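Asks: Here it is, the structure in full.
The values are calculated or read from the model by the stated rules, or taken from the named source; none is laboratory data. Please read these numbers as outputs of a predicted model, since none were measured by experiment. Backbone-built Cβ (ideal geometry, glycine too); neighbour counts: all protein chains shown. Just so you know, the surface numbers come from the protein's heavy atoms only, side chains and all, with ligands and any DNA or RNA stripped out. Shrake-Rupley method; radii C 1.70, N 1.55, O 1.52, S 1.80 Å.
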Amino acid sequence: SQTIHQWPATLVQPVGSPLSLECTVEGTSNPNLYWYRQAAGRGLQLLFYSVGIGQISSEVPQNLSASRPQDRQFILSSKKLLLSDSGFYLCAWSTPGQGSRNTIYFGEGSWLTVV
Amino acid sequence: KNEVEQSPQNLTAQEGEFITINCSYSVGISALHWLQQHPGGGIVSLFMLSSGKKKHGRLIATINIQEKHSSLHITASHPRDSAVYICAVRSNTGNQFYFGTGTSLTVIP
């Protein structure tokens, strides 16, 4: 069966420090991968998505970057965190293509507090 | 304007009540999803719909493609149903999903 793991679950980082959140998927190949941020009272905001190794699409200009070094690994990074980067980050995956059976699966989420 | 609009934003119900959450969308979709997010943050998929109606236990989801509208119903609500319910659609022109802002449901014993 397919599973998705995301870590760390929580972290507190000082302003200006680097960030690395990692997400891995098991049990499937060539998934579409997504990073979302969820702010309080707001919907999920798409940050990045990837349809293959090394293929990253960015949806919003920001202080963050993403990489996909392996087929089932997706990493969210920052060189210097800002206070406004605080929030709840979710990794997700879906099967590629437009089939009506393609659902989306979420990781457990990572709570980031920048102090 | 958001691609997906949900209502109500917050909902409080007495245990046993019938609950309805509504979702409207403005883009072409290949499927609509109802998701459940518990206080810890994890999100699970409840339903994926492309037409008609689906039922899982006390939960029922319907979709009207012509009207671009979906509803999630909970019959005989229970305190364990308390969570945020999120409507999401998958675009039929790419790999993107669009999400509503969620409905926070609290069921009081």
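Asks: For residues that are more than 11 Å from chain A (Cβ to nearest Cβ) and out of contact with any Asp or Glu (no Cβ under 8 Å at 6 or more places or on another chain), tally how many sit in segment B:1-27.
Replies: From segment B:1-27, those more than 11 Å from chain A (Cβ to nearest Cβ) are B:1, B:7-8, B:11-27; that's our starting set.
Adding the requirement that they be out of contact with any Asp or Glu (no Cβ under 8 Å at 6 or more places or on another chain) leaves B:1, B:7-8, B:11-18, B:20-22.
Qualifying residue count, segment B:1-27: 14.
Asks: While we're looking at this one, here's another question. Among the residues of segment B:30-45, which ones are open to solvent by less than 40 Å² (accessible area, probe 1.4 Å) and more than 10 Å from chain A (Cβ to nearest Cβ)? Step through it out loud before you land on a result.
Replies: Residues of segment B:30-45 open to solvent by less than 40 Å² (accessible area, probe 1.4 Å): B:30-37, B:41-43.
B:Leu32, B:Trp34, B:Gln36 - these are the residues of segment B:30-45 that are open to solvent by less than 40 Å² (accessible area, probe 1.4 Å) and more than 10 Å from chain A (Cβ to nearest Cβ).
Asks: Give, as residue ranges, the strands (runs of 3 or more DSSP E) completely inside segment B:4-51 that count at least 2 residues that are farther than 21 Å from A:Tyr105 by Cα and hydroxyl-bearing (Ser, Thr, Tyr).
Replies: Numbers: elements: B:4-7, B:10-14, B:19-25, B:29-37, B:43-49.
Those strands (runs of 3 or more DSSP E) span B:19-25.
Asks: Only one residue in A:Ala40, A:Ala9 is within 12 Å of another protein chain (Cβ to nearest Cβ) and more than 15 Å from the chain's Cα centre (by Cα), so which one is that?
Replies: Among A:Ala40, A:Ala9, only A:Ala40 is within 12 Å of another protein chain (Cβ to nearest Cβ) and more than 15 Å from the chain's Cα centre (by Cα).
Asks: Next up: Exactly one condition in (1) of a type outside the set (A, V, I, L, M, F, W, C); (2) open to solvent by 40 Å² or more (accessible area, probe 1.4 Å); (3) within 22 Å of A:Asn32 (Cβ to Cβ) is false for B:Gly57; which is it?
Replies: Among (1) of a type outside the set (A, V, I, L, M, F, W, C); (2) open to solvent by 40 Å² or more (accessible area, probe 1.4 Å); (3) within 22 Å of A:Asn32 (Cβ to Cβ), B:Gly57 violates only (3).
Asks: Please report, ordered by residue number, the strands (runs of 3 or more DSSP E) entirely within segment A:31-115 with at least 1 residues that are open to solvent by 60 Å² or more (accessible area, probe 1.4 Å) and in contact (Cβ under 8 Å) with a residue 40 or more places away in the chain.
Replies: Values: elements: A:32-38, A:44-52, A:55-58, A:65-70, A:73-78, A:87-94, A:104-106, A:110-114.
Counting at least 1 such residues, we get A:104-106, A:110-114.
Asks: If you don't mind, there's one more thing I want to ask. Sort out which residues of segment A:6-19 are assigned to a strand (DSSP E or B) and open to solvent by 70 Å² or more (accessible area, probe 1.4 Å), and write them in order of number.
Replies: Here is the first cut: in segment A:6-19, the ones assigned to a strand (DSSP E or B) are A:6-7, A:10-13, A:19.
Those that are assigned to a strand (DSSP E or B) and open to solvent by 70 Å² or more (accessible area, probe 1.4 Å): A:Trp7, A:Thr10, A:Val12.
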